[in-house]
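Quick notes on the structure that follows.
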Amino acid sequence: MAKKVLVAVLAAVLAITCFAGCSKDAQTNAQAKVKVIDIELSDEEYALGVDKSNAELLEKANAFIKEIKENGKLDEICNHYFGDGQPVGVTSAAEDTSKDQLVVATNAEFEPFEYKQGDQFYGIDMEIVQAFAESLGKELVIKDMKFDAVVLSVQQQKADIAAAGLTVNP
């Protein structure tokens, strides 16, 4: 009987210690202050990939990117994902070689650059390529594939552009 009483007392002491420890941590956390430091955490630049042998499309893509940077369209698109704007869904047309289409290879698993919800594609890259296709007067076709195949599909002329959160590097 003495062992049962001792175990009960020790259990009660342990429980009280746990609650006291938790409440002390909660008080400490409530009193902690957060300081936001405004520093750039990454200097990575992202781009669309265009086959270098397709000089005409490369020139048009570079001119388009320059234009949307200057006219604020790029900032507007980024605001959909980093500000108070709402993401815009992009629908892919079915690929049809008889139509004038812009075929984009992507890996829709890199939010906020590209991701899927249902049949809709979302993300900064997706909104950019939608606007680019419109500027070219072309229908947009989005091919979702494994990341390793994205650039390769452009090199093999199976897609016109790669848009998959591609980091600019030599």
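The values are calculated or read from the model by the stated rules, or taken from the named source; none is laboratory data. Being a predicted model, the structure only gives us computed values, none of them experimental. Backbone-built Cβ (ideal geometry, glycine too); neighbour counts: all protein chains shown. Heavy atoms of the whole protein, side chains included, go into the accessibility calculation; ligands, DNA and RNA do not. Shrake-Rupley method; radii C 1.70, N 1.55, O 1.52, S 1.80 Å.
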Rounded to two decimal places and with Rh computed the Kirkwood way over Cα pairs, what is Rg over Rh for segment 62-161? 0.96
Among ASP144, ASP96, what's the order by accessible area (1.4 angstrom probe), most exposed first? ASP144, ASP96
In sequence order, calculated HN-Hα J values of segment 154-160 (Karplus, 6.51, -1.76, 1.60; Hz; x Gly/Pro): 6, 4, 8, 6, 8, 8, 7
How about segment 78-170: which trypsin sites (Lys or Arg not before Pro) there are in a DSSP loop, with at most 15 other Cβ atoms within 10 Å of their Cβ? LYS99, LYS146, LYS158
The set of residues whose placed amide H lies less than 5 Å from the amide H of LYS158, leaving out same-chain residues fewer than 5 positions away, is none
For segment 71-81, just list the computed ³J(HN,Hα) in residue order, Karplus coefficients 6.51, -1.76 and 1.60, θ = phi - 60°, integers in Hz, with x standing in for Gly and Pro. 8, x, 4, 4, 4, 4, 5, 4, 4, 5, 10
Over 19 Å between Cα atoms, which of LYS99/LYS146; LYS69/LYS146; LYS116/LYS146; LYS69/LYS116; LYS60/LYS138 qualify? LYS99/LYS146; LYS69/LYS146; LYS69/LYS116
In whole Hz, with x marking every Gly and Pro, tabulate ³J(HN,Hα) for segment 136-146 from phi via Karplus 6.51 cos²θ - 1.76 cosθ + 1.60, θ = phi - 60°. 8, x, 10, 7, 8, 10, 10, 9, 8, 8, 5
Computed over segment 58-170: relative contact order in percent, which uses C-alpha pairs under 8 Å that are six or more apart: 29 percent
Would you please give the residues with an amide H less than 5 Å from that of ASN107, counting only those at least 5 places away or on a separate chain, with H modeled from the backbone geometry? MET145
Which loop GluC sites (Glu not before Pro) in segment 38-119, with loop taken from DSSP, have no more than 10 other Cβ atoms within 10 angstrom of their Cβ? GLU40, GLU44, GLU45
Linear extension gain, CYS78 paired with LEU58, 0.36 nm per residue minus alpha-carbon span: 5.0 nm
For GLU95, what residues show an amide H to amide H distance below 5 Å, using hydrogens built from the backbone and excluding near sequence neighbours? none
Order of exposure, largest accessible area first, which applies to MET126, MET145 with probe 1.4 Å: MET145, MET126
